[in-house]
Amino acid sequence: MNCEILSTLTLQPILSVINSVFSFTISSSQALLILLFAAVLVAVLIFLYFKSTLKILGLQKEVSGYSKLLSLKENDLLRLANLVKERDDEIESLIMLSNLQISNLTKLTEEYKEAKRIAEEADLLKSNFLANMSHEIRTPMNGILGFAQLLQNEDTDKDVQTRYLDIIYHNGTMLINLIDDIMDLAKIEAGQLGLTKSNVNIDDIIFDLYTFFNEVKYKQEKEHITIRILNLNDDENSIYFTDGNRIRQVMSNLISNALKFTEKGTIEFGYTNSKEDRKLKFFVKDSGIGIPEDKIKLIFDRFRQVQEGATRNYGGTGIGLFISKHIVKQLGGDIRVESRIDNGSTFSFELPYDSVSEEDNNTKFFKPIAKKYNWEGKTILVAEDVETNYYLLKTIIDTTNANIIWAKDGEEVLRLYTKHPNVDLVLMDIQMPKLNGYEATIRIKEHNPNIPVIAQTAYAMPNDNIKCIEAGCDDYISKPINTQLLLDKINGNLFKEQKSR
């Protein structure tokens, strides 16, 4: 009863609200059922809410786990990306190294092909030279022996005998000239082509050559060719301090070539005094066959000729112009040629002079320029075990203001070279105590391939220069030392890099 009264009292306000809102009335028991249903519904909703909340929390934890896992994976991916980048860099370096090796291999292949071509060309030139030399020796020898046999005939007329003797003399002269050329070639190769200088009358040399070749042209059956001198002044004498025999040799080579390659026309030669340049300019001009443009640079090389091989139309050994070029260079001048096919050639060379003095008898004295080198700031390491030889070299080099370091044996050469990294050139004796010059040169070149090394030795065998070059020497000079040649070689090697630029 009390419970029923209590529920009635508790539900009464709710019933009043319901009755006022809705148009129907409910009893207390119905209201209680509704409340219970509402309570159950609220409980279910609360349960579902907490369940969904727990599920959301679980999902958040799971997402957080995945986020951590993704973070770890991202770090792995970054490390992997860095590793891939490192591998890419390594691959790129390997590719660059491979390209460099391919480039070096290509360069070596080209160098090998070029060396092979040069070797084959040198072998061909050597074969041609030997064939030409055989021909040039046998031809005059045939004339000498043949006409000598004819002279044994007692019935030969006196005039005919004179003609035979003249032919023998002419062929003998050809042989002597050939032998002289071969000797000069050997001296050039050994760096021993010497000069004997004195006061020389240039006009006398020119006139002697004129007389000589006007006789030679008749013996060569070319009497129709006019040979004349230009710019020769009979009232003056030009005296030049030089090697007259070498001047005569060069001019004789040039005129002889002009006569050989000219079938008609004229040959003119002489010299002029270029006061502005202070040079005596010698020239030989002909109206001969001319020289192809692609051959002009070759004719001053050893054993080279415009026509080569067995089918050539003209004789010769191919060393005359090579020798002439070296003689002129040693005299302080340069030789050149201008030529056109079928329009002749003009060979010329110049010899500089310092001043001119005149005397009352119309004689001009041309004072040549003395070569002076200034190597101030340069350091030269001299390897020489003989004290007197060292002081000779020191006396020569002292005129150039260069610094000199003396090494008395091969081991000291290496020690001083290491101690003085500013050494600009090494003058290397070959025969030395403890370590010879060949081995010392090899070790120095291993340290610095660009340092110039000039070998100087008392050996004079034909293959000595080859041994020096194979050891790494840049140049070679044999004893006894030619002072001017030594200075020229040192200067050329000291400033070789500047010239190549």
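Table for the structure above
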| item | result |
| --- | --- |
| So ASP342, is it surrounded by fewer than 13 Cβ atoms within 10 Å (Cβ to Cβ) and either within 30 Å of PHE283 (Cβ to Cβ) or touching a residue at least 24 places away in the same chain (Cβ under 8 Å) (or both) | yes |
| Scope region 206-223; condition in contact (Cβ under 8 Å) with a residue 40 or more places away in the chain and of a type in the set (Asp, Glu); matching residues | ASP208 |
| Residue identified as in contact with a Gly (Cβ under 9 Å, 6 or more places away or on another chain), under 30 Å from ILE319 (Cβ atoms) and modelled with pLDDT under 75 among LEU130, LEU125 | LEU125 |
| Unique match (being modelled with pLDDT of 65 or more, touching a helix residue (DSSP H, G or I) at 6+ places or on another chain (Cβ under 6 Å) and either assigned by TED's automatic domain parsing to the domain that holds PHE322 or not β-branched (Val, Ile, Thr) (or both)) among GLU136, GLU120 | GLU136 |
| Residue list for region 274-296, restricted to those being surrounded by 19 or more Cβ atoms within 10 Å (Cβ to Cβ), of a type outside the set (Val, Ile, Thr) and more than 33 Å from the chain's Cα centre (by Cα) | LYS285, ASP286, SER287, GLY288 |
| Some residue of region 231-240 being modelled with pLDDT under 90, of a type in the set (Val, Ile, Thr) and surrounded by 14 or more Cβ atoms within 10 Å (Cβ to Cβ) | yes |
| Residue match in region 452-462 (condition: over 24 Å from ILE188 (Cα atoms), crowded, with 17+ Cβ neighbours inside 10 Å, at pLDDT below 90 and of a type outside the set (S, T, N, Q)) | no |
| Single residue of ILE202, ILE167 found to be surrounded by 14 or more Cβ atoms within 10 Å (Cβ to Cβ), closer than 28 Å to PHE241 by Cβ and in contact with a Phe, Trp or Tyr (Cβ under 7 Å, 6 or more places away or on another chain) | ILE202 |
| Filter result for ILE176 (exposed (fewer than 15 other Cβ atoms within 10 Å of the Cβ), among the hydrophobic types (A, V, I, L, M, F, W, C) and over 25 Å from LEU486 (Cα atoms)) | yes |
| Selection status of GLU439, free of Cβ contacts under 8 Å to residues at least 60 places away in the same chain, within 25 Å of the chain's Cα centre (by Cα) and assigned by TED's automatic domain parsing to the domain that holds ILE466 | yes |
| Output for region 283-334, where each listed residue is among the basic types (Lys, Arg) and either at pLDDT below 85 or on the phi > 0 side of the Ramachandran plot (or both) | LYS295, LYS297, ARG302, ARG304, ARG312 |
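Okay, residues lined up against (1) over 26 Å from THR173 (Cα atoms); (2) among the hydroxyl-bearing types (Ser, Thr, Tyr); (3) in contact with a strand residue (DSSP E or B) (Cβ under 7 Å, 6 or more places away or on another chain):
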{"position": "ILE202", "(1), (2), (3)": "no, no, yes"}
{"position": "VAL216", "(1), (2), (3)": "no, no, no"}
{"position": "THR226", "(1), (2), (3)": "no, yes, yes"}
{"position": "SER238", "(1), (2), (3)": "yes, yes, yes"}
{"position": "ASP243", "(1), (2), (3)": "no, no, no"}
{"position": "LEU254", "(1), (2), (3)": "no, no, yes"}
{"position": "THR266", "(1), (2), (3)": "no, yes, yes"}
{"position": "VAL284", "(1), (2), (3)": "no, no, yes"}
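The values are calculated or read from the model by the stated rules, or taken from the named source; none is laboratory data. Not measured: the values here are computed from a predicted model. For neighbour counting, all protein chains shown are included, and Cβ atoms are generated from backbone atoms with ideal geometry for every residue, glycine included.
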